[in-house]
1. Going through region 119-135 one residue at a time, which ones are surrounded by 15 or more Cβ atoms within 10 Å (Cβ to Cβ) and either under 19 Å from Gly92 (Cβ atoms) or not β-branched (Val, Ile, Thr) (or both)?
2. Return the only residue of Val96, Val88 being among the hydrophobic types (A, V, I, L, M, F, W, C), closer than 15 Å to Gly217 by Cα, without any contact (Cβ under 8 Å) to a residue 60 or more places away in the chain and surrounded by fewer than 20 Cβ atoms within 10 Å (Cβ to Cβ).
3. Looking only at strands (runs of 3 or more DSSP E) that lie completely in region 161-226, which have at least 1 residues being farther than 18 Å from Thr67 by Cα?
4. Residue under question is Ser157, and the condition is that it be more than 20 Å from the chain's Cα centre (by Cα), farther than 30 Å from Asp78 by Cα and modelled with pLDDT under 95; does it hold?
5. In region 202-226, which residues are in contact with a Lys or Arg (Cβ under 7 Å, 6 or more places away or on another chain) and surrounded by 19 or more Cβ atoms within 10 Å (Cβ to Cβ)?
6. For the subset of region 54-75 comprising residues that are farther than 21 Å from Val204 by Cβ and modelled with pLDDT under 95, which member is surrounded by the most Cβ atoms within 10 Å (Cβ to Cβ)?
7. Out of the residues in region 56-82 meeting the condition of being part of a loop (DSSP other than H, G, I, E, B) and not aromatic (Phe, Trp, Tyr), tell me which one is nearest to Gly215 (Cα to Cα).
8. Here are some residues: Asp33, Asp78. Which one is closer than 27 Å to Gly217 by Cα, modelled with pLDDT under 80 and either of a type outside the set (A, V, I, L, M) or in contact with a Gly (Cβ under 8 Å, 6 or more places away or on another chain) (or both)?
Amino acid sequence: MLSAAGAGTALAQSAKEAQEDGVGPAIQPARPDEEAPRNSAPEPEELPLPHPLIDVAFELGGQAGGTDLATATSYQGDSETLSAGDGVVIGGSGGVTPLWVSNELGLGLDVSAAVRYWMVGGSGAQAEITAFPLALSVHALWILDAQQFVRFRLGVSRDFAISYFDAPLSGRFDPVAELGFQYMWSDLMGAGISLRYTHESYGVGGAPVSISASGIGVILSLHVCP
């Protein structure tokens, strides 16, 4: 009669002999350091960065600054000051970016035209200024991703047809700089916001003097990139 230990030894010996003869199944014990294979999800494909060649924009904003020209005081004692660089700005711009120095950075040219107008006072005692600024600039366009752009412009600007009472004011070609952010909600349309600084000065007739029409402004824009 076999004891329990002897029976266990006999069964183990029989299993070993059957495995060596190819009869029994080969049993491989699992190693603690081996991990089960994981089903890794495929990584999402990155969208290619756009390289817009043409950008046409409608612009609306305002700016303030420059030499004070007039002050209007109401009956209640409230006063408003009109400066040479003040005004609501409505206009448009067109740009082309033909040169791409990298996948994210493009260089190009812009031209813009607008009308700037502001008024203080009222009831027959008012002062107003109107000017038509024209600017030519170069730009650098950084593509952050498929929908977000950053644009920096640097160029020259001049105000034409300046109207302030009968003052013989004339514009000059002066520097202008602009930094803006642009978001494209489709391949064709987008919107932007920018901060613009214009270092403008006006001549007064033939006198050897000038007045400052420099201004800092915020511009909202609607873009079309055909």
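The values are calculated or read from the model by the stated rules, or taken from the named source; none is laboratory data. Source: prediction; values computed, not measured. Methodologically, a virtual Cβ is constructed for each residue, glycine included, from the backbone with ideal geometry; neighbour enumeration extends over all protein chains shown.
1. The answer is Met119, Gly121, Ala127, Glu128, Thr130, Ala131, Phe132, Pro133, Leu134, Ala135.
2. Of the residues listed, the single one that is among the hydrophobic types (A, V, I, L, M, F, W, C), closer than 15 Å to Gly217 by Cα, without any contact (Cβ under 8 Å) to a residue 60 or more places away in the chain and surrounded by fewer than 20 Cβ atoms within 10 Å (Cβ to Cβ) is Val88.
3. The qualifying strands (runs of 3 or more DSSP E) are 174-184, 189-198, 215-224.
4. On the way: more than 20 Å from the chain's Cα centre (by Cα): yes; farther than 30 Å from Asp78 by Cα: yes; modelled with pLDDT under 95: no.
Criteria not met by Ser157.
5. Selection gives Gly217, Ile219.
6. Only one residue fits best here, namely Ala72.
7. Out of the qualifying residues, it is Gly65.
8. Details: Asp33 fails: closer than 27 Å to Gly217 by Cα.
Answer to the check: Asp78.
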